[in-house]
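Enquirer: Take this structure first; my questions come after.
The values are calculated or read from the model by the stated rules, or taken from the named source; none is laboratory data. All figures in this text were calculated on a predicted structure; none of them were measured in a lab. Ideal geometry is used to build each Cβ from the backbone, glycine not excepted, and the neighbour counts take in all protein chains shown. All accessible areas refer to the heavy atoms of the entire protein, side chains included, with ligands and DNA or RNA removed. Shrake-Rupley method; radii C 1.70, N 1.55, O 1.52, S 1.80 Å.
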Amino acid sequence: MFALAVWYAIAWLFRTHNRLSVLVLVLLVGTFAGYDAMIGDFLYLSRIIVFFPFFWIGYMLTPQRFAEVASRRWVRVGAALIMVVAAGACVFFTFDVLPLRFLFSGRLPFDETGIVGAAWYHRLLAYTIQVLMSFAVLVLIPRRNMGLMTTLGARSLQIYFWHFVPIMILRALGLFPWLASILPGVTWQIMLVLIAAAVSVALGWKPLGAPLTWITLPRSRTARNFR
């Protein structure tokens, strides 16, 4: 949430500049930021730098244009193929893909990722995978109303805003090790998924979104005309 606030501030500063030029600039900064060991997780600095290009791409795009592209049959087929390839890579090349998780988090400099010889091209690879996967997921999401799923999806920021509170409570109660001790095999992990789903539904309760709505609503004419 802090990073999101910083991204809005940075985007506002760059609002009068050529958007494509800004995208190239922030991609270069994000790609090479990993060489500086001082850019770490303090104040989420690394994640702010690494993930800002995605925020800026969202600022550049319009929902109407994206919907137009996503509605094309060949685009949807390509998105499905991307998902199949990604799933296959995770299943059949698990230990080759696994080290990339530290790049996907955007939290660490190159020398702390555990990847031998990690460099700018590893970040570029991570960027490419993230862009393709994000695009594929957005393209394949159904456009029709799916009841509770659609409602919760519209309130995903609200759920994210509150989710750490129940996690801390459940940890303090010792729920996770207790489940692992009483349930056999992977049953306790399945139970965790069900608990996570129930918590998500609870946090999607409309009144819980009121504080976040008040915070994010534009409060000035300049802010309302920002986009």
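Enquirer: Mind telling me which of the residues Val75, Val50 ends up being open to solvent by less than 90 Å² (accessible area, probe 1.4 Å), within 30 Å of Ala5 (Cβ to Cβ) and out of contact with any Lys or Arg (no Cβ under 7 Å at 6 or more places or on another chain)? Spell out the reasoning first.
Expert: Values: Val75 fails: within 30 Å of Ala5 (Cβ to Cβ).
Testing whether each residue is open to solvent by less than 90 Å² (accessible area, probe 1.4 Å), within 30 Å of Ala5 (Cβ to Cβ) and out of contact with any Lys or Arg (no Cβ under 7 Å at 6 or more places or on another chain) leaves just Val50.
Enquirer: Right, here's the next one. Of all the residues that make up the stretch 53-67, how many are in contact with a helix residue (DSSP H, G or I) (Cβ under 8 Å, 6 or more places away or on another chain) and either aromatic (Phe, Trp, Tyr) or surrounded by fewer than 17 Cβ atoms within 10 Å (Cβ to Cβ) (or both)?
Expert: Here the count works out to 7.
Enquirer: If you don't mind, another one. For the stretch 114-164, give me the residue count where each residue is in a loop (DSSP other than H, G, I, E, B) and not β-branched (Val, Ile, Thr). So that I can check it myself, show each step before the final result.
Expert: Taking the stretch 114-164 first, the residues in a loop (DSSP other than H, G, I, E, B) are 114-119, 141-147, 155, 163.
If we keep only those that are not β-branched (Val, Ile, Thr) as well, we get 114, 117-119, 142-147, 155, 163.
Looking only at that region, the number is 12.
Enquirer: Let me ask another. Out of Arg219, Arg171, report the one residue that is loosely packed, with under 12 Cβ neighbours inside 10 Å and at pLDDT below 85. Please lay out each step first, then the result.
Expert: Working: Arg171 fails: at pLDDT below 85.
Arg219 is the lone residue from the list that is loosely packed, with under 12 Cβ neighbours inside 10 Å and at pLDDT below 85.
Enquirer: While we're here: What pairs can you find where one residue is in the stretch 197-210 and under 15 Å from Ile167 (Cβ atoms) and in contact (Cβ under 8 Å) with a residue 40 or more places away in the chain, the other is open to solvent by 40 Å² or more (accessible area, probe 1.4 Å) and outside any helix (DSSP H, G or I), and their Cβ atoms are less than 7 Å apart, with a gap of 6+ or different chains?
Expert: Note: pairs meeting the criteria are Leu203/His163.
Enquirer: Which of the residues belonging to the stretch 23-43 are within 16 Å of Ala119 (Cβ to Cβ), open to solvent by 50 Å² or more (accessible area, probe 1.4 Å) and not hydrophobic (A, V, I, L, M, F, W, C)?
Expert: Looking only at the stretch 23-43, we keep the residues that are within 16 Å of Ala119 (Cβ to Cβ), and these are 27-37, 39.
Narrowing further to those that are open to solvent by 50 Å² or more (accessible area, probe 1.4 Å): 27-29, 32, 35-37.
Hits for the stretch 23-43 are Tyr35, Asp36.
Enquirer: Leu20: surrounded by fewer than 12 Cβ atoms within 10 Å (Cβ to Cβ) and more than 16 Å from Phe135 (Cα to Cα), yes or no? Show your work before the answer.
Expert: Values: surrounded by fewer than 12 Cβ atoms within 10 Å (Cβ to Cβ): yes; more than 16 Å from Phe135 (Cα to Cα): yes.
Criteria met by Leu20.
Each row is one residue, and each column tells you yes or no for (1) under 22 Å from Leu23 (Cα atoms); (2) of a type in the set (Phe, Trp, Tyr); (3) without any contact (Cβ under 8 Å) to a residue 24 or more places away in the chain.
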residue	(1), (2), (3)
Pro63	yes, no, yes
Ala87	no, no, yes
Thr94	no, no, yes
Gly117	no, no, yes
Tyr127	yes, yes, no
Ala136	yes, no, no
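Enquirer: Something else now. Would you mind stating whether Ala180 is touching a helix residue (DSSP H, G or I) at 6+ places or on another chain (Cβ under 8 Å), within 19 Å of Phe54 (Cβ to Cβ) and small (Gly, Ala, Ser)?
Expert: no
Enquirer: When only residues in the stretch 187-208 that are of a type in the set (A, V, I, L, M, F, W, C) and open to solvent by 90 Å² or more (accessible area, probe 1.4 Å) count, which is farthest from Phe2 (Cα to Cα)? I'd like the intermediate steps shown before the answer.
Expert: We begin by selecting, within the stretch 187-208, every residue of a type in the set (A, V, I, L, M, F, W, C); these are 188, 190-199, 201-203, 205, 208.
When the remaining residues are screened for being open to solvent by 90 Å² or more (accessible area, probe 1.4 Å), the result is 190, 193-194, 205.
Numbers: Ile190: 32, Val193: 27, Leu194: 29, Trp205: 23 Å.
Ranking the qualifying residues of the stretch 187-208, first place goes to Ile190.
Enquirer: Taking the stretch 91-110, which residues are in a helix (DSSP H, G or I) and surrounded by 12 or more Cβ atoms within 10 Å (Cβ to Cβ)?
Expert: We begin by selecting, within the stretch 91-110, every residue in a helix (DSSP H, G or I); these are 91-92, 94-105, 110.
The answer is Val97, Pro99, Leu100, Phe102, Leu103, Phe104, Ser105, Phe110.
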